[in-house]
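Read the structure below first, then the notes.
What follows is calculated from the coordinates using simple rules that are stated; it is not laboratory data. Everything numeric here is computed off the predicted structure, so don't read it as measured data. In this analysis, Cβ positions are derived from the backbone assuming ideal geometry, glycine residues included, and neighbour counts consider all displayed protein chains.
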Amino acid sequence: MKVSGPLRLGKAWFSQAFSYRFVRSQVKADLPGEDEEVVEGFDAFTQVDVELNDHHTLTGTLSVFPTKVDSMGIDSLHPALATPDTDSGG
């Protein structure tokens with residue numbers, strides 16, 4: 001999803017983008033416990049542009065992209081109990 005437009009006509013502009021991600025991958029194996037890897041996260045990007053004068057423009061950006069993974073790297077040789085759960089921020 002994206003929203004953008006002028007904050008002040010001809011002088012300042014704003015742009016915001018957001019996306020959400022959820023992926024569930026099942027492993028076909030006879031393993032004890034859970035048999036799936038779950039990835040969940042979102043990306044958000046914001047930008048503001050301001051025209052200072054005819055020759056100079058100021059741009060500010062902010063990007064956020066945290067992700068959480070449960071049973072990272074699960075496969076037929078590595079059961080859920082032997083795989084890590086991770087949280088990464090950005």
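Odds and ends about this structure:
- Which of A80, A44, S25, positive extreme of dipole for the chain (C-beta unit charges): A44
- The phi-based Karplus calculation (6.51 cos²θ - 1.76 cosθ + 1.60; θ = phi - 60°) puts the 3J(HN,Hα) values of the range 73-90 at x, 5, 7, 5, 9, 10, x, 4, 5, 9, 10, x, 9, 10, 10, 10, x, x Hz, whole numbers, x for Gly and Pro.
- Intensity falloff of the range 2-84 expressed as log10 I(q)/I(0), Debye formula with alpha-carbon point scatterers, at q = 0.10, 0.11, 0.16, 0.21 Å⁻¹: -0.47, -0.51, -0.69, -0.91
- In a DSSP loop and with at most 12 other Cβ atoms within 10 Å, the trypsin sites (Lys or Arg not before Pro) in the range 23-85 are K28.
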